[in-house]
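A short write-up of the structure that comes next.
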Amino acid sequence: MPRDPLLTAGPGRHHPFLMLCIRRSLAGIAATCAVSLLVFVGTDLLPGDAADVILTRSASSGGGTPEQLAALRAELGLDVPWPQRYLGWIGGLLQGDLGSSLVSGRSVTDVIGSRLGNTLVLAGTATVLLVPVAVGLGLWSGIRQGRPGDRVVSGVAVAAQALPEFVAATLLIAVFALIAGLLPAVSLVPPGTSPLARPEILVLPVLSLLSVMAGQSIRMVRARTSEVVRADFVRVARLHGIPERRVVWRYVVPNALGPALQLLAGSISWLVGGIVVVEQVFAYPGISHELVQAIISRDVPVVQALAFAMAVCTLAIYTLADLLVVALVPKLRTGG
Amino acid sequence: MTGAIAEVVGVRVEAPGGALLDHVDLTVLPGEVLGVVGESGSGKTTLALALLGETPPGTRATAGRVTVAGTPMLHVTPAERRQHLGRIVAYVPQDPVLALNPAMRVGRQVAEVARAHHDRRDETIDTRAMRALRRAELPGDPSFLRRWPHQISGGQQQRVTLAQAVVNEPRLLVLDEPTTGLDVITQADLLAQLRRLRDEAGCGILYVTHDIAAVAGIADRLAVLYAGRVVEEGPTSTLLSQPRHPYTAALIDAVPDPRRARGSAGLPGVVPPVGARPSGCSFAPRCGLVERLCLDAPPPPAHVGTQHRVACLNSERTGSVVVSAPTVRRVSTPSPRTSPSPANTLLVVEDLHAVHRTRRRQVVAAAGISFSLDRDECVALLGASGSGKSTIARCIVGLHRPTAGTVRLGGTILGRSVRHRRRDQRRRIQLVPQNPADTLDPSRTVGEQVARPARILRRRSARQAVAEAVELLDQVRLPTAVAARRPGELSGGERQRVALARALAARPEVLVCDEITSALDVSVQAVVLDLLADLRTELGLAMVFISHDLGVVASVADRVAVLADGRVCETGPTREVLESPRTPVARQLVHAAPRLPYRDVADATSVS
């Protein structure tokens, strides 16, 4: 990447960060295109197609005849070669048309629209809480490496990380919903309303997600911080008599933060998969129910739309984190 | 002593295994530079830290006291100590690249140290920072202040650390190997600057180093540290011209001299590690003058002249005998060659062009480099940092792709990248890298890593390769036990020898040595050079030796090529180039090279 001839001369020289942002965005778009192809081909390769499933379901035994199958395929547009279907899909995508469900015939946008919104609310809330918790506790325990505070945080983090999310969720339900009765055990959202209208239903799902993600994130931020704490420039700063508080805020934190955020991006993108389990446990009306249903019924347009949305989220998170790191690390920012 | 700015009295710093420092007495007077010289493991860094009231993790100061400007530094609360650090005693670290905060602008880094000892609303902070920058001879314009550490040169980074140290006008500066890693020209600049700084600020300086030649030009007095004790102390001129401790004499003898293509004498062995120190004189195991009495108790320091103390029972004999002591060996002076003979030519580099890319710019590292290397010849590539030496080395071994030009080995043109070279071609050229720590796998044992080239490049069986590795480790004078250790457990000098052994495991014909001695103690350096000379005669090894140290070059190379701006600007037999350089670049390098000023006197007796 540093070999870009654009950067050795010309206008980009003086705005390396701007150039980098542009380049990263272009790379992100390229990756999105590649992902769209993979998603399409991947879903297309699923054994059996919607025609199979529909006929198997409607006919009581053994599925339809080959003629029925062929007719249904033609009706659903499944008989066209896949490159053509791919281009059609991309074309629709660009116009905001995700096609329609093969099973219900409703537009995919309708099927997943509100559900995707609900999932994003859940994931977003978890992320907004995760970043300060992970960065704060990670820095705090990294600076105190080996002292009691660090041991407690690190120990709890390992335990939380080791717990699968459905166990964490079940435990939380048992304690807060069944024993204490403080919070609802399931997080039902009436159609047409936003989960934010009843924030209490979000508490337990968010906590379940956090318990798994935070453990790993805290440990990563802590590892990076304790590396910085041992760096020569921190030791030298202390030998210059710079007060400890200042050493932490001006020497340790700025150097630990950039790389820490990059590590966090990994945790956040884990959400994309992890959230499915948590939604199921709490019967939360997010995308997971639709996704599982669509996979079972080979409802390809729905699967494609959801898979693509998840991939784009992941890409966006990583790109954003990369740019944040570059913005926070002078050496990267100035292109040295 | 009254009037001393810093006093170290009877200091003992103890680690669980034994003492890192013991019975150390030193003083620094105002405006004086005290050079503390010692090999790795001598305790010199511990001593430097002790003056700052710090002991290495896991150790304690169990006896003695350290005072700077009348203020005790040991056994005070951290808060009190912080008040003194950077204000009455300041530290100049070894490696400025690592010592500067990568996320803070240069001007801020200096101001931050001023701020640590002044009220944050104090308006003098900025003026102090500016004055410090001026004293460190750095530009004070806003565009410089706003740069990040990675945007300034290595010499400037060093000056920034110097500015940080002087910003609060401390009474004592503690310099910890400040010139390691700088090329001779930058080093000469820094030393000149330190002299001016001392004259201007009037502070005392404690200069800790393994490089006697560098400190000789600046120190008023020298103290030689060995295994945690001061074995000799005295005025620089006296100590260098009439060393009274055999260790001092050997150390001085180990310094190669650029003006004479004379060999240096190796000092075999290493400083005994903490916990394995003999009950008597610690130097006894390496000493040519050892007697029974030496083994009983550490010899007490005794005055042998004005301000000249030495801790040796045999100090009267030192001057005359040490040079011919049985443990000290001389490297044979390379025989001067007239010109390369075509029939004997092994390696030919022809019109090599290479660029070194960083994210933003291209640096031309080689712009038409040509030279040839005979069998069993050593050619030195000499140049300041940034002259493209390392890139050329990497092109030769195929780790860097040249943009044009060829490298020929025994008449065959080699592929530009190692991937395009046959196994046997790879085997025949081996690189000993500048920083072995970067090229050794931290998770594998030394034995495995030294055995690897024999397995991969020479198809030896695992068992055979390991047996050879043990032999090679022995050949580079490392104890067999090292084979089972990991690189992290070794010292810099040991790692460098491991890297050498690893290169030799391939049984190469050409050894490309990239600044291999720059991080070594003079004594280890002399041993390594000695070893290379032996290997050259034993194995008929040809070498491309890259260095900025003229002394080293003088003692190993047959011919020298002086590089500047990616070109060979002067080439010729070593002696000729170093004695009468013709081009300005070569003259500047020769002029900047540190040397022992009193050597001529010492040599009158030892050269025969």
Accessible area, 1.4 Å probe, largest first: how do B:421, B:495 sort?
-> B:495, B:421
Once the piece of chain linking residue A:179 and residue A:109 is laid out straight, how much longer is it, given 0.36 nm per residue of separation minus the C-alpha distance between them?
-> 21.2 nm
Which value, in Å² rounded to 10, gives the accessible area of residue B:567 with a 1.4 Å probe and all protein chains present?
-> 130
So what's the net charge close to residue B:479: Lys and Arg +1, Asp and Glu -1, counting the other residues with Cβ under 12 Å from its Cβ?
-> +1
Which far-off residues, 5 or more places away or on another chain, put their amide H under 5 Å from the one on residue B:21, with H placed in the peptide plane?
-> B:13
List B:23, B:353, B:245, ordered by accessible area with a 1.4 Å probe, largest first | B:23, B:353, B:245
With a 1.4 angstrom probe the carbon and sulfur portion of accessible area for chain A, in percent, totals 69
Would you be so kind as to list the residues of segment A:304-336 that have their accessible area lowered by at least 10 Å² in the full protein complex compared with their chain by itself (1.4 Å probe)?
-> A:330, A:331, A:332, A:333, A:334, A:335, A:336
With r defined as the distance between the Cβ atoms of residue A:79 and residue B:569 and R0 fixed at 51 Å, what FRET efficiency is calculated, to the nearest 0.05?
-> 0.10
When only DSSP loop residues count, what trypsin sites (Lys or Arg not before Pro) in segment A:179-238 have their Cβ near at most 10 other Cβ atoms within 10 Å?
-> A:230
What list of ³J(HN,Hα) couplings, whole Hz, do you get for segment B:484-491 from phi and the Karplus terms 6.51, -1.76, 1.60, once you set θ to phi - 60° and write x for glycine and proline?
-> 8, 8, 9, x, x, 8, 9, 7
Inter-label distance, nm, simple model (7 Å from Cα along the C-beta direction), residue B:424/residue A:200 | 8.4
Decide, for segment B:153-223, between rounded, prolate and oblate: order the square roots of the alpha carbon gyration tensor eigenvalues as a ≥ b ≥ c, take rounded if a/c falls under 1.5, and otherwise choose prolate if a/b is larger than b/c, else oblate.
-> oblate
Extent along principal axes [Cα atoms of the protein assembly as shown; Å; largest to smallest] = 111, 71, 56
What average count of beta carbons from other chains do you get within 10 Å of the Cβ of residues in A:229-235?
-> 5
Ignoring ligands, DNA and RNA, how much accessible area is buried between chains A and B, both sides summed, with a 1.4 Å probe, to the nearest 100 Å²?
-> 2900
Averaged across the residues of B:112-120, what count of C-beta atoms belonging to other chains lies within 10 Å of each residue's C-beta?
-> 3
Per residue of B:75-81, what is the mean number of Cβ atoms on other protein chains within 10 angstrom of that residue's Cβ?
-> 1
Inverse mean reciprocal Cα-Cα distance (Kirkwood Rh) of chain B, Å = 25.4
Kirkwood-based Rg to Rh ratio, chain A, C-alpha trace | 1.06
Go through A:89, A:82, A:270 and list them by solvent-accessible area, largest first, probe radius 1.4 Å.
-> A:82, A:270, A:89
Residue-ordered couplings for segment B:511-517, obtained by feeding phi - 60° into the Karplus form 6.51 cos²θ - 1.76 cosθ + 1.60 and rounding to whole Hz (Gly and Pro as x), are 10, 9, 9, 9, 6, 6, 9
Which shape class, rounded, prolate or oblate, goes with segment A:209-305 when its Cα gyration tensor gives a ≥ b ≥ c as root eigenvalues, a/c under 1.5 marks rounded, and past that a/b bigger than b/c marks prolate?
-> prolate
At 24 Å minimum axial length over the Cα atoms and a Kyte-Doolittle cut of -1.0, report the qualifying DSSP H helices in chain B, or say none.
-> B:184-201, B:522-539
How many nm separate the modelled label positions at residue A:293 and residue A:31, each set 7 Å beyond the Cα in the direction of the Cβ?
-> 3.2
Residue B:463-residue B:279 FRET efficiency (beta carbon distance; Förster radius 56 Å; 0.05 resolution) = 0.85
To the nearest 10 Å², what's residue B:515's accessible area with a 1.4 Å probe?
-> 10
Would you mind classifying segment B:373-426 by shape? Square roots of the alpha carbon gyration tensor eigenvalues, ordered a ≥ b ≥ c; an a/c under 1.5 is rounded, otherwise it is prolate if a/b is larger than b/c and oblate if not.
-> oblate
quick shape note, segment B:418-502: Cα extents on principal axes in Å, largest first -> 35, 28, 23
What whole-number value in Å² describes the accessible area per residue of chain B for a 1.4 Å probe?
-> 40
Averaged per residue, what accessible surface does segment A:111-296 expose to a 1.4 Å probe, in Å²?
-> 43
Heavy-atom accessible area of residue B:389 with all protein chains present, probe 1.4 Å, nearest 10 Å²?
-> 10
Relative contact order, percent, chain B [alpha-carbon distance under 8 Å, six or more residues apart] | 15
Could you please report the charge total around residue B:563, scoring K, R as +1 and D, E as -1 over all other residues with beta-carbon less than 11 angstrom from its beta-carbon?
-> 0
State, to one decimal in nm, how far the label point of residue A:45 lies from the label point of residue B:121, with both points 7 Å from Cα in the Cβ direction.
-> 7.0
What percent antiparallel are the DSSP beta bridges of the protein assembly as shown, to the nearest 5?
-> 60
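The values are calculated or read from the model by the stated rules, or taken from the named source; none is laboratory data. Since this is a predicted model, take the numbers as computed values, not measurements. Glycine gets a Cβ as well: all are built from the backbone with ideal geometry, and neighbour counts include every protein chain shown. Calculation scope for accessible area: heavy atoms of the full protein, side chains included, ligands and nucleic acids excluded. Shrake-Rupley method; radii C 1.70, N 1.55, O 1.52, S 1.80 Å.
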